[in-house]
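Asker: Supplied in structure tokens, the structure appears directly below.
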Amino acid sequence: MRDRVVVRAIAEAMFSEDGEVEAARLDAHVEEVDAFISAASRPLRFGLRVALFVVRLAPILTFFRLATIEKLPLADRVAVLSRLERTRATNLSLAFIGWRTIMTLAFYEDPAELRAIGYTTDERKRHKRHLLVATVAAVPAPLDSGVRLKDPDDEEIAAHDEGREVA
């Protein structure tokens, strides 16, 4: 449950800094991220939870404030996340960048968000790759496969007709 609170706090700082994204949309985004992460393998989920814990403690680890990220005001969360992007401590930076990537992918999969940035759903479908589905024609099954298996009795009969010995 605490992970969802942290993900929502990060999403609010990333996508709704000016308040343009509704609270219901942020809640739906948290559900989408949860579904996305739930489909991952167990080691990957563990690594992402550790990374989220690092991002949660980022205000303390970067000596910004003595509070976790979800308890900070929105402006301070934005400042902490922008610091995380630019920090020389690559472990801190990569922890946030991994979550930022997943959250951005999930956020912009929503058709309303795609329209807001200029994509229409028809254009998006045009660029998706699909596997071609072969149509199966109704072909009758052959009566005879065409494969002839040798029968030892047939070989003896053929040899007798030709006048040769069979061992």
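Asker: Just to be sure before I move on: is ILE102 under 22 Å from VAL50 (Cβ atoms), part of a helix (DSSP H, G or I) and without any contact (Cβ under 8 Å) to a residue 24 or more places away in the chain in the structure I sent?
Answerer: no
Asker: For residues in segment 1-24 being touching a residue at least 12 places away in the same chain (Cβ under 8 Å) and in contact with a Phe, Trp or Tyr (Cβ under 9 Å, 6 or more places away or on another chain), which is surrounded by the fewest Cβ atoms within 10 Å (Cβ to Cβ)?
Answerer: By that ranking, first place goes to ASP3.
Asker: Would you mind finding the one in ASP76, ASP27 that is surrounded by 15 or more Cβ atoms within 10 Å (Cβ to Cβ), charged (D, E, K, R) and out of contact with any Phe, Trp or Tyr (no Cβ under 6 Å at 6 or more places or on another chain)?
Answerer: ASP76
Asker: Turning to a different aspect of this structure: What number of residues within segment 15-37 are touching a Ser or Thr at 6+ places or on another chain (Cβ under 9 Å) and among the charged types (D, E, K, R)?
Answerer: 2
Asker: Only one residue in THR68, THR120, THR101 is of a type in the set (Val, Ile, Thr) and modelled with pLDDT under 90. Which one?
Answerer: After ruling out the rest, the residue left standing is THR120.
Asker: How many of the residues making up segment 61-99 are polar (S, T, N, Q) and outside any helix (DSSP H, G or I)?
Answerer: 3
Asker: Then there is this: Checking the condition under 23 Å from the mean Cα position of the chain (by Cα), more than 18 Å from VAL54 (Cβ to Cβ) and in a loop (DSSP other than H, G, I, E, B), which residue from GLU109, GLU113 passes?
Answerer: Working: GLU113 fails: in a loop (DSSP other than H, G, I, E, B).
The match here is GLU109.
Asker: Here's another thing I want to ask about it. Please specify each residue of segment 36-47 satisfying the condition of being surrounded by 10 or more Cβ atoms within 10 Å (Cβ to Cβ) and in a helix (DSSP H, G or I).
Answerer: PHE36, ILE37, LEU44, ARG45, PHE46, GLY47
Asker: Taking segment 79-90, which residues are within 23 Å of PHE36 (Cβ to Cβ) and either surrounded by fewer than 17 Cβ atoms within 10 Å (Cβ to Cβ) or touching a Pro at 6+ places or on another chain (Cβ under 7 Å) (or both)?
Answerer: Selection gives GLU85 alone.
Asker: I'm told GLU32 meets every condition in (1) over 24 Å from the mean Cα position of the chain (by Cα); (2) touching a residue at least 60 places away in the same chain (Cβ under 8 Å) except one. Can you identify the failing condition by its number?
Answerer: GLU32 satisfies all of (1) over 24 Å from the mean Cα position of the chain (by Cα); (2) touching a residue at least 60 places away in the same chain (Cβ under 8 Å) except (1).
Asker: Let me ask something additional. Could you please find all residues in segment 50-91 being closer than 17 Å to PHE15 by Cβ and polar (S, T, N, Q)?
Answerer: Listed by number, the list holds a single entry, SER82.
The values are calculated or read from the model by the stated rules, or taken from the named source; none is laboratory data. Keep in mind that what you see is a predicted model, and the values were worked out from it rather than measured. A quick note on method: Cβ atoms are made from the backbone with ideal geometry, for glycine too, and the neighbour counts reach across all protein chains shown.
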